[in-house]
Amino acid sequence: MVTSFTVSAINMDSVYRAIDMAIKNVTIYDSYRDAKIVTLKKLLTKANGNYPETFLLNDKLSDVYKAYRYDSIAKYLNINLILAQKHNDEYRLNKTRLKLAYVFASAGMYLEAVNIIKTIDRHTLDARLTVDYYNTCNRVYGEESHQTQDIYTNRYYSHLARIYQDSLLQILPRNSQLYLSFKETEARQNGQYDEALLYNTLQMRQINHDTPEYSIVCYFRSVDYDGMKNGKMEKYWLGLSAISDIKQAVKDQASLWTLANILARDGDVKRSYSYIRFSWNVAQAYDVPLRKLQNSSILSMIDHNYQMMIEKQNTRLRNYLLIISALTILLIITVGFIYVQMKHLSTARNNLHIANTNLHELNNQLESTNGSLHKTNAQLLDSNKIKEVYIGRFLSLCSFYIDKLESFRNTIIKKTKIGKLSDYLSNEKIQNLKEEDLADLFHNFDNAFLCIVPNFIEEFNKLLKSESRIYPENGELLNTKLRIFALIRLGIEDSSKIAEFLHYSANTIYNYRADVKNSAIVSRDEFEKRVKEIGR
């Protein structure tokens, strides 16, 4: 069934692509028909001269060669003429004559076609060949009328063709393909294009798309649209017809060279030239002078247009060349100017890079100085903090011991007045006064130090092996070993000074220090350095 098309729904680019693809694969489609021919020829050889079988195979070969190789069609039909005459087979003889006359008329050999028609006696003709006879006569005289230049001869042959067409329409079934084709032509000739399209649609419904008949119906549909002045639909159906021709290996083509002619007229010279070249090569293969003549006139026109197009293109190219040359000179000047500017820019960039490098180095130095200054300030703040705490503690202790000495002095004066000084000095409590004072001193030191460095014991033990870590006894804040390294943390490194403060011998202090450092997880030199950094 034929689908209804609108102009807006048609995409001719897709049709052109399909034509181009079919042309590209033409050898594949030709090979299918060649394979059929080879098969029939093999069967013909096996027939071994059997008349009915040989005649039938020759007839089939002429059908396969139809619109493919003109000389081969005539060859096998002429062989059948000789065979039929030899066997006095009037039916097959007239059937072959009609086919040959039809082929001659299609190839433009009108005199030969008319001569063959004249050899057939209509009154003795087998009734089975009546349709073929009327159809062939209509074809022969119709083609003759189209080709003659004489008006009277044209009228004569047109009249004859009309008589045979009317006779044919009287006997054809109303739904037959041939009847519908004649009615379409009749409607088109009368300017009734909508009715012609209707008859064409009825034909479309009866044929398969993969047959040569489909190409013919598509072609005449394009002719109907041409009469309606619908150029887009005309090209569309010509395109479908051309695709079908190529795929069916039809060499007697009208669709593609007609489409090429329209494209040339529309200015699409390149595509037109491509299609007519292909059609020309196809016509060469079919080898019919009429088709060559038809194609050559179009080819000449298209070639002329193509040459004009090439000349226009060359003119444009020359103009473009002049413009490009001018632009090239301008570009060279521009590039030279840019090059000079780039040199200046490169020099400026290098100077800027050097300045940036120097600035970066100065920034690094400034950052380093700021870091050192920050560290120094932190140390000063830490030192000031320690000094403040120790000064406070020192003043407190001084006040405490001044009060204690004053109290002791008053007690001595009182005991002296009453004569009990010796008893007082021999008191055990007075004898233990030094130990108590040292205990108070160490307690005050421990308390002050741990206020300054609260995490000292924990961080200090992290520097020692687990089995050698030092912790104060219950009630103590620090023990002797911890106090030694607390003093080192505060910057007192001299063992004699440490011994003086702790009321130990310098040798004892040295041994304590050595014993602890031997238990460190770092080197001896590194140990005391790390101790000094605790809490900073």
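Calculate, in nm to one decimal, what Glu367 and Thr334 gain on full extension: separation in residues at 0.36 nm each, minus their alpha carbon distance.
So the chain would gain 7.2 nm between Glu367 and Thr334.
Would you mind getting me the FRET efficiency between Lys529 and His360? Use the beta-carbon distance for r and R0 = 25 Å, nearest 0.05.
The value I calculate is 0.15.
Mind listing P(r) for region 432-532? All alpha-carbon pairs, 5 Å bins, whole percents.
Percent of Cα pairs in each bin: 2, 12, 23, 26, 21, 10, 3, 1, 0.
Distance cut-off 21 Å, Cα to Cα: go down the list Lys42/Lys99; Lys481/Lys517; Lys66/Lys235 and report the pairs above it.
Over 21 Å apart, Cα to Cα: Lys42/Lys99; Lys66/Lys235.
So which of Lys36/Lys183; Lys75/Lys247; Lys41/Lys270 end up more than 32 Å apart by C-alpha?
Lys36/Lys183; Lys41/Lys270
On a full-extension model of 0.36 nm per residue, what is the gain between Asn88 and Leu438, subtracting their alpha-carbon distance, rounded to one decimal in nm?
Computed gain between Asn88 and Leu438 is 109.9 nm.
Kindly provide the pair-distance distribution of region 151-268 built from C-alpha pairs, with 5 Å bins from 0 and whole-percent values in order of increasing distance.
The calculated distribution, bin by bin, is 2, 12, 18, 19, 20, 16, 10, 3, 1, 0.
Pop a pseudo-label 7 angstrom from the Cα along the beta-carbon direction at both Val522 and Asn50 and give the gap in nm to one decimal.
11.7
Among Phe456, Ile484, Val531, which residue has its Cα furthest toward the positive end of the charge dipole of region 432-532, with +1 on Lys/Arg Cβ and -1 on Asp/Glu Cβ?
Val531
Please report how far the C-alpha centroid of region 81-160 lies from that of region 195-236, rounded to the nearest whole angstrom.
27
Readers should treat all values here as calculations from the given coordinates under stated rules, not as data from a laboratory. Note that this is a predicted model, so its numbers are computed, not measured. With ideal geometry, Cβ positions are generated from the backbone for all residues, glycine too; neighbour counts draw on all protein chains shown.
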